[in-house]
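*Asks:* My questions will all concern the structure given below.
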Amino acid sequence: MSTNITTGKWRVLIALASAELLGLTLWFSASAITPVLIVEWHLDSGLASWLTMSVQLGFVVGTLISAFCNLPDILNTRHLFATCALLGAAANGAIGLWVESIYPALFLRLLTGIFLAGVYPPGMKIMAGWFKADRGMAIGVLVGALTIGSATPHLLSIFGDADWRALMLMASLCSVLASLICLFLVKDGPYQEKSVHFDWRACGRAFANRGVRLANFGYLGHQWELYAAWTWIPLFLAQSFHSADLAEASRSAALCSFAVIGIGGLGSVLGGILADRYGRTLIAIISMAISGSACLVVGLLFGGNPYLLVGFCLAWGFFIVADSAQFSTCITELSEPAYLGTALTMQTCIGFLLTLITIRLVPYWVEILGWRWAFAPLALGPALGIIAMYSLRQSPAIAKIGGERTI
């Protein structure tokens, strides 16, 4: 029996990570086609930015609805994942098939984000149902898949202006495949709780739990930095390369951005492995200390040696995600087991809501501080996150968190 579980969980790890990567191509598909749509639909930079921001906003709305309705705990999580991946594919594919202007596209992108709320958090719950002692690694693999998906549009942009409608349809087909993988190749795990009844108080109980609350505060500190850095590092690198008179600065920046963001996938997996062994709070504190310090230093390299800058950004990209999965893993260990999906969904809701703020703040900081110090205010998030995770480390709740007991 134990051998069957061990074999099954590694199959689920591969299948679910693949499904997560394929499903989340919907999120990042607009990033690859935005330059083409700016020309074809005569968009200004504000409207163009909403092609991605609308998905972010939709995800926040979707996770809020899902959490308060306990959808990941009332419904079978695999069926929720598969259904939402399919509906998201339909909303995204409609843009490629019929849409000719920006406002219908923004509405459909908003719907896409709402449906993705039924893909990412449920995926973490499914993974937690299969893994226990090595749960940090497993969820780290899932976050690593998300990270690689985030980097992919920058790689696609190197190959020029492909047919944007075809790219949107390809992303939708990937999500359909994700739905089928989750439905037919992923099974419910041995640690997964049975479906429960709706309880509107579940979110309140999660926030009342001090351990869960501290893990969420750590996650907010992490999110304050992460998506703002991911969003603006391509422009930062491009302008730095132009200042340094580097040949083909734009293409070089796109390739380097793919590497800087994508290397976080490796950081997420290795961070998870180390967290299972040495403690989630310790790895989170170390990762945030390094990435927060990078926010303060990276601007000093602007316009200088491109190789030194890229090398530094690769290290930043590695550590900025190394802690990401551990906040969610802590939630799986500290929250009420029957309403685990609700707690995970609520965590992602508040985290992604915060990213909407910092993504918009960075251009303002560039205007008043310049690129040399524009990323420096992002260090505030990791600093506060470190305080939260240190407090969690000192609390009685630490006994429930994997890896910590081995120190």
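The values are calculated or read from the model by the stated rules, or taken from the named source; none is laboratory data. The model shown is predicted, which means the values in this text are computed figures rather than measured ones. Using ideal geometry, Cβ is built from the backbone for each residue, glycine included, and neighbour counts are taken over all protein chains shown. To get the accessible areas, we keep the full protein, side chains included, count just its heavy atoms, and leave off ligands, DNA and RNA. Shrake-Rupley method; radii C 1.70, N 1.55, O 1.52, S 1.80 Å.
*Asks:* Six or more apart or on different chains, Cβ under 8 Å: which pairs go from a residue in segment 293-307 that's under 14 Å from Ile233 (Cβ atoms) to one that's among the basic types (Lys, Arg) and open to solvent by 60 Å² or more (accessible area, probe 1.4 Å)? Could you list them?
*Replies:* Cβ pairs passing all conditions: Gly299/Arg372; Phe302/Arg372.
*Asks:* Does at least one position in segment 249-268 carry a residue that is over 16 Å from the mean Cα position of the chain (by Cα) and assigned to a loop (DSSP other than H, G, I, E, B)?
*Replies:* No, every residue in segment 249-268 fails to be over 16 Å from the mean Cα position of the chain (by Cα) and assigned to a loop (DSSP other than H, G, I, E, B).
*Asks:* Just the residues that are open to solvent by less than 10 Å² (accessible area, probe 1.4 Å) and farther than 21 Å from Gly299 by Cα, please, taken from segment 344-371.
*Replies:* Scanning segment 344-371 gives Leu344, Thr345, Gln347, Thr348, Cys349, Gly351, Phe352.
*Asks:* Now for a different question. Can you name the residue in segment 240-262 that is out of contact with any His (no Cβ under 9 Å at 6 or more places or on another chain) and open to solvent by 50 Å² or more (accessible area, probe 1.4 Å) and is also nearest to Thr152 (Cα to Cα) among such residues?
*Replies:* The residue in question is Arg251.
*Asks:* Run down Gly149, Gly221 and say which single residue is modelled with pLDDT of 95 or more and either under 30 Å from Val298 (Cβ atoms) or charged (D, E, K, R) (or both).
*Replies:* Just a single option satisfies the conditions, and that option is Gly221.
*Asks:* Do we find that Glu336 is of a type outside the set (Lys, Arg), touching a residue at least 60 places away in the same chain (Cβ under 8 Å), surrounded by fewer than 21 Cβ atoms within 10 Å (Cβ to Cβ) and closer than 30 Å to His197 by Cβ in this structure?
*Replies:* yes
Condition check ((1) in a helix (DSSP H, G or I); (2) at pLDDT below 85; (3) open to solvent by 60 Å² or more (accessible area, probe 1.4 Å)) across all residues:
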residue	(1), (2), (3)
Ile5	yes, yes, no
Leu13	yes, no, no
Ala19	yes, no, no
Leu26	yes, no, no
Leu43	no, no, no
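*Asks:* Give me a count of the residues in segment 72-113 that are in contact with a Cys (Cβ under 9 Å, 6 or more places away or on another chain) and either small (Gly, Ala, Ser) or without any contact (Cβ under 8 Å) to a residue 40 or more places away in the chain (or both).
*Replies:* 3
*Asks:* While we're looking at this one, here's another question. Restricting to segment 232-248, name every residue that is under 20 Å from Ile359 (Cβ atoms), more than 16 Å from the chain's Cα centre (by Cα) and of a type in the set (Phe, Trp, Tyr).
*Replies:* Phe236
*Asks:* Moving to a separate point now. Which condition breaks for Thr83 when tested against (1) modelled with pLDDT of 95 or more; (2) open to solvent by less than 50 Å² (accessible area, probe 1.4 Å); (3) closer than 30 Å to Asp163 by Cβ; (4) within 21 Å of the chain's Cα centre (by Cα)?
*Replies:* The single condition Thr83 does not satisfy is (2).
*Asks:* Does Val36 satisfy being at pLDDT below 95, buried (at least 18 other Cβ atoms within 10 Å of the Cβ) and either under 30 Å from Pro190 (Cα atoms) or not polar (S, T, N, Q) (or both)?
*Replies:* On the way: at pLDDT below 95: yes; buried (at least 18 other Cβ atoms within 10 Å of the Cβ): no; either under 30 Å from Pro190 (Cα atoms) or not polar (S, T, N, Q) (or both): yes.
No, not satisfied.
*Asks:* Do we find that Phe302 is of a type in the set (Phe, Trp, Tyr) and within 21 Å of the chain's Cα centre (by Cα) in this structure?
*Replies:* no
*Asks:* Another one. From Leu220, Leu296, which residue is more than 19 Å from the chain's Cα centre (by Cα) and aliphatic (A, V, I, L, M)? It would help to see each step written out before you state the result.
*Replies:* Details: Leu220 fails: more than 19 Å from the chain's Cα centre (by Cα).
Result: Leu296 is the single residue among Leu220, Leu296 that is more than 19 Å from the chain's Cα centre (by Cα) and aliphatic (A, V, I, L, M).
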